[in-house]
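Beneath this line is the structure, given in C-alpha cells, with notes to follow.
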Amino acid sequence: GAMGEGGIWEDEDARNFYENLIDLKAFVPAILFKDNEKSCQNKESNKDDTKEAKESKENKEVSSPDDLELELENLEINDDTLELEGGDEAEDLTKKLLDEQEQEDEEASTGSHLKLIVDAFLQQLPNCVNRDLIDKAAMDFCMNMNTKANRKKLVRALFIVPRQRLDLLPFYARLVATLHPCMSDVAEDLCSMLRGDFRFHVRKKDQINIETKNKTVRFIGELTKFKMFTKNDTLHCLKMLLSDFSHHHIEMACTLLETCGRFLFRSPESHLRTSVLLEQMMRKKQAMHLDARYVTMVENAYYYCNP
C-alpha cells in the first residue's frame, strides 16, 4: 500500500540516492579509521582504562610514517561526546569548533603537504554536484585526510555552505552518511551544529535571514532522509515551529516538510506523529486567517506530504 517501501521515495532514483551508499569499509584499509572503532568501543566499555592502555601499547608498534599522524591522534584524550540537548550548548559547540578551526589554521605550518591537500579538497567540494563526484570525495577524504583536525575542518566547511547553494545539500548529506560508518563524529558534530543553529533562529524570533533559516532547515531535512538526523529530532523541530506558527516559522515549517515530510509521513515509525502535526498545521492555517501567500505555501506542503 501507500505505506509500503515504494511509498517513501518519489522514485527509484531517489531511493538509490538515499539508500544505496558506497561501503567505504570495503575499499578503505581499516587502519585509516581505527579511531572511530575506538571511540565506539570507549562509549560501550565506559572508558575501560586497561583496554586503552593496551591499545596505546599496540599503537607504539606501528612504524609506517604514514600511520604516525593517525596513531598520534588516536592517543588524544578528551574526545568530548556530543549528545547535546540544550540549544546553548550546541551554540557553544559551534563557536568552539569555529574557534578551534581558526587556532588550528594559525598553528598549521603553512606549507604542510596535508594542509594543502585538505584546503584544495574543501575548495572543490562545492563542485561535487552529482552522486559520483560526492562518492569519490568521500573515498578521497577517508583515504587521504582522515585526522581529527581535518574532520573538524570538513564539518565546518559543510556547516557554512552558502545559502545560495541549496543544490549542494543533498550531496553534502550523502557525503556525511557515506563517511558515517568510518567516522561517526562528522555526522554527530554537524547535526549538533545544525540543531543549535535551528534553536538559535527559532528563539530569536527575528524576521531577517530567511534564506539562512531555510538552508538550515533544508539541511536538517536532507540529513533526516539519510537517517543521520533522527526522525525524533526532526519532528521536534517541526513541533517547535508549529508552536509559534507565524512569519518565518511558517516558511521554515513548509521548507522542512517539502524536504523530508513525505519521508516522515510514509515511514511507519513516524507516520502517526507526522500526521498529527500535519493536521495541527492545517487547523492553525484555518484559525489564523493567514496571508494568501502563506495559505498557498501551507497547502502545498501538506499535499506534498500527504497527496
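Derivation of every value follows stated rules applied to the coordinates shown; laboratory data play no part. Just so you know, these numbers come straight off a predicted model, no measurement behind them. Positions of Cβ are backbone-derived with ideal geometry, glycine not excepted, and every protein chain shown enters the neighbour counts.
Trypsin sites (Lys or Arg not before Pro) within region 150-220: which are DSSP loop residues with at most 13 other Cβ atoms inside 10 Å?
ARG165, LYS205
Taking a 32 Å limit on the Cα-Cα distance, which of the listed pairs LYS136/LYS231; LYS25/LYS213; LYS153/LYS284 fall beyond it? Intermediate results must be reported in sequence, preceding the final value.
Values: LYS136/LYS231 28 Å; LYS25/LYS213 35 Å; LYS153/LYS284 42 Å.
The answer is LYS25/LYS213; LYS153/LYS284.
At a temperature of 10 °C and a viscosity of 1.306 mPa s, determine how fast region 155-226 diffuses translationally according to Stokes-Einstein, using the Kirkwood radius over alpha-carbon pairs as Rh; express D in µm²/s, rounded to the nearest whole number. Present the calculation step by step, with values, prior to reporting the outcome.
On the way: Rh = 12.4 Å.
So the translational diffusion coefficient is about 128 µm²/s.
Placing one identical point scatterer on every Cα of region 116-180 and ignoring solvent, what is log10 I(q)/I(0) from the Debye formula at q = 0.20, 0.22 Å⁻¹?
Treating every Cα as an identical point scatterer, log10 I(q)/I(0) equals -0.73, -0.90.
What is the extension gain from ALA120 to TYR303, computed as 0.36 nm multiplied by their sequence separation minus the C-alpha to C-alpha distance, in nm to one decimal?
61.6 nm
Stretch GLU102-ASP132 to full length: gain in nm at 0.36 nm per residue minus the Cα-Cα span?
Working: separation 30, 0.36 × 30 = 10.80 nm, distance 3.14 nm.
Value of the extension gain: 7.7 nm.
Can you tell me the equivalent ellipsoid semi-axes for region 186-307? Use √(5λ) from the Cα gyration tensor, largest first, whole Å. Intermediate values should be presented prior to the final figure.
On the way: eigenvalues 89, 66, 24 Å².
Semi-axes from the Cα gyration tensor: 21, 18, 11 Å.
Using alpha carbon centroids, what distance separates region 144-178 and region 222-275, in Å?
22
Over the Cα atoms of region 124-248, what is the Rg over Rh ratio if Rh follows Kirkwood? Please report the intermediate quantities before stating the final value.
Values: Rg = 14.8 Å, Rh = 15.0 Å.
Rg divided by Rh gives 0.98.
So what are region 250-304's ellipsoid semi-axes, whole angstrom, largest first, if each one is the square root of 5 times an eigenvalue of the alpha-carbon gyration tensor? Can you show the working numbers first?
Details: eigenvalues 82, 29, 10 Å².
Equivalent ellipsoid semi-axes, largest first: 20, 12, 7 Å.
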